Amino acid sequence: MNDNNKIVIGNLKMYGSRASNQEHLGLLKKDLNNLKKTHVGLCFPYPYLFQAQSVLEGTQLGWGSQNVAKSDNGPFTGEVSASMLQDFGCKYVIVGHSERSTAYCESNENIATKFKGVVDHGMTPVLCVGETLIEREAGIMERVVSGQLETIINNYGPQLFKNTVIAYEPIWAIGSDLAASPEQANAMCTFIREFIEGANNAKIEGLKIIYGGSVNSENALQLFVLETVDGGLVGRGSLKPEEFIKICKIADQI
Ligand code: PEP
């Protein structure tokens, strides 16, 4: 991803069925396979990865999962490893989504191990970072986000971010209908890049920093037009194919 093009990732959360996915994927394939420059990815629940691979293989659209196990194999009932995701042609793996770190108490250490595993298996991690409303109101959002990034930097070095995606997702904006303002998104995406590139003392090649949290076709343009925002992680806006297509086309026109 060594380019200036935008990237839009859909997070389909725990929705869908084989029948609805078939229709959904068919529409996306028809409308998004000829975008000029935007990278598009769709992150499915695990059972639908085979279906995503069968429908999307050979198209411009990438697919992936919403989580991954920390270990590569072993007695970990219910887990799915990075090599299994690779086996199903996954390109993207969401790591550290707040709906998981809150509900399943995922630590920054766990998230860092998963991030490394995804990179080692040749896939692109989409690392979610962001603060709660209380943390924002206390003015400590930069400290919170830098703490999330530091665990990866301290364990593996800043170069691990090469060709990866970081989604700045303020927790208060996810599922809320209250997206961050362009000023807020710009400030945090700039901060994230400066923090990592500062630790590296140089630019990180291919690092995309995107925004997520109530992105829709009404607010996508004002967020994506920012040079510091390389695209979006889209939850509810990816559940309706027409809406997701609109969002991706907006990204492609910039
Ligand atoms: C998400 O699930 O990552 C997300 C950003 O959700 P929504 O777009 O629905 O706020």
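The values are calculated or read from the model by the stated rules, or taken from the named source; none is laboratory data. Treat the numbers as computed from the prediction; the structure is a model and nothing was measured. All Cβ positions, glycine included, derive from the backbone under ideal geometry; neighbour counts span all protein chains shown. SASA here: full protein model, heavy atoms, side chains in, ligands and nucleic acids out. Shrake-Rupley method; radii C 1.70, N 1.55, O 1.52, S 1.80 Å.
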Wholly inside region 4-97, strands (runs of 3 or more DSSP E) that include 2 or more residues that are out of contact with any Cys (no Cβ under 8 Å at 6 or more places or on another chain) are 39-44
Going through region 24-50 in order, the residues found to be closer than 23 Å to residue 250 by Cβ and open to solvent by 30 Å² or more (accessible area, probe 1.4 Å) are 26, 27, 29, 30, 31, 33, 34, 36, 37, 39
Of (1) assigned to a loop (DSSP other than H, G, I, E, B); (2) surrounded by fewer than 21 Cβ atoms within 10 Å (Cβ to Cβ); (3) within 15 Å of the ligand (Cβ to nearest atom), residue 122 satisfies every one except (3)
Out of (1) away from the ligand (no atom under 16 Å from the Cβ); (2) in a loop (DSSP other than H, G, I, E, B); (3) charged (D, E, K, R); (4) closer than 29 Å to residue 33 by Cα, the one residue 203 does not meet is (4)
Pairing a residue in region 213-231 that is under 19 Å from residue 245 (Cβ atoms) and of a type in the set (A, V, I, L, M) with any residue that is outside any loop (DSSP other than H, G, I, E, B) and within 13 Å of the ligand (Cβ to nearest atom), where Cβ atoms lie under 6 Å and the two sit 6 or more apart in sequence or on different chains, gives 215/232; 215/234; 215/237; 220/247; 223/185; 223/211
Among residues of region 169-192 being charged (D, E, K, R) and outside any helix (DSSP H, G or I), the residue least open to solvent (accessible area, probe 1.4 Å) is 169
Residue set 110, 67; condition surrounded by 14 or more Cβ atoms within 10 Å (Cβ to Cβ) and at pLDDT below 95; output residue 110
